[in-house]
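This report refers to the structure that appears directly beneath it.
The values are calculated or read from the model by the stated rules, or taken from the named source; none is laboratory data. All values reported here derive from a predicted model rather than from experimental measurement. Glycine also receives a Cβ, built like all others from the backbone with ideal geometry; neighbour counts cover every protein chain displayed. The area values use the complete protein model at the heavy-atom level, side chains included, leaving out ligands, DNA and RNA. Shrake-Rupley method; radii C 1.70, N 1.55, O 1.52, S 1.80 Å.
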Amino acid sequence: MEKRNLICIGCPLGCPVTVELDGRNIVSVTGNTCPRGDAYARKEVTNPTRIVTSTVRVSGSITGAATVSCKTRTDVPKQKIFEVIRGIKDITIPAPVHIGDVIRPDVAGTGVDLVATKDVE
């Protein structure tokens with residue numbers, strides 16, 4: 001029986017969570033104080049994912065902004081994070097940019113769009 005100790009990132013409490021595995025099967029999850037901790041732990045040991053946040057360059061901003069913050073619309077597989085970063089590092093988009101604008105559809109072949117998280121005029 002394998003035990004994995006995690007710190008839950010589902011909320012600010014950061015509960016220490018223990019997952020017991022029998023091969024690839026989850027036997028128990030303990031230490032979580034809310035349902036999000038249980039869901040996080042199960043997902044983290046079977047299919048870890050993350051939302052990727054970054055910035056991309058902006059050209060022609062009337063406010064002088066050089067970048068806009070962005071994130072993947074939903075989680076991407078953890079092993080794809082560096083591909084996502086490589087896929088967005090050379091992007092420059094023209095202003096104006098609005099919250100929720102799709103900056104790069106299907107970033108790095110993940111099926112997830114990269115979206116702006118800030119308005120830039």
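Annotations for the structure displayed:
- Residues of segment 90-106 that turn out to be within 16 Å of the chain's Cα centre (by Cα) and charged (D, E, K, R), as a count: 2
- Selection status of Thr67, surrounded by 13 or more Cβ atoms within 10 Å (Cβ to Cβ), among the polar types (S, T, N, Q), in contact with a Ser or Thr (Cβ under 8 Å, 6 or more places away or on another chain) and farther than 27 Å from Ile7 by Cα: yes
- Tally of residues being outside any helix (DSSP H, G or I), of a type in the set (S, T, N, Q), under 23 Å from Gln79 (Cβ atoms) and open to solvent by 40 Å² or more (accessible area, probe 1.4 Å) across segment 25-53: 3
- Selection from segment 54-92 of residues that are assigned to a loop (DSSP other than H, G, I, E, B) and either over 15 Å from Leu114 (Cβ atoms) or out of contact with any Lys or Arg (no Cβ under 8 Å at 6 or more places or on another chain) (or both): Gly60, Ser61, Ile62, Thr63, Gly64, Ala65, Ala66, Arg73, Thr74, Lys89, Asp90
- Residue selected from segment 1-24 under the condition part of a loop (DSSP other than H, G, I, E, B) and not aliphatic (A, V, I, L, M), by the criterion surrounded by the fewest Cβ atoms within 10 Å (Cβ to Cβ): Pro12
- Which listed residue is in contact (Cβ under 8 Å) with a residue 40 or more places away in the chain and out of contact with any strand residue (DSSP E or B) (no Cβ under 6 Å at 6 or more places or on another chain), from Ile85, Ile62, Ile103: Ile62
- Qualifying residue in segment 94-106 (condition: on the phi > 0 side of the Ramachandran plot, open to solvent by less than 60 Å² (accessible area, probe 1.4 Å) and out of contact with any Lys or Arg (no Cβ under 8 Å at 6 or more places or on another chain)): yes
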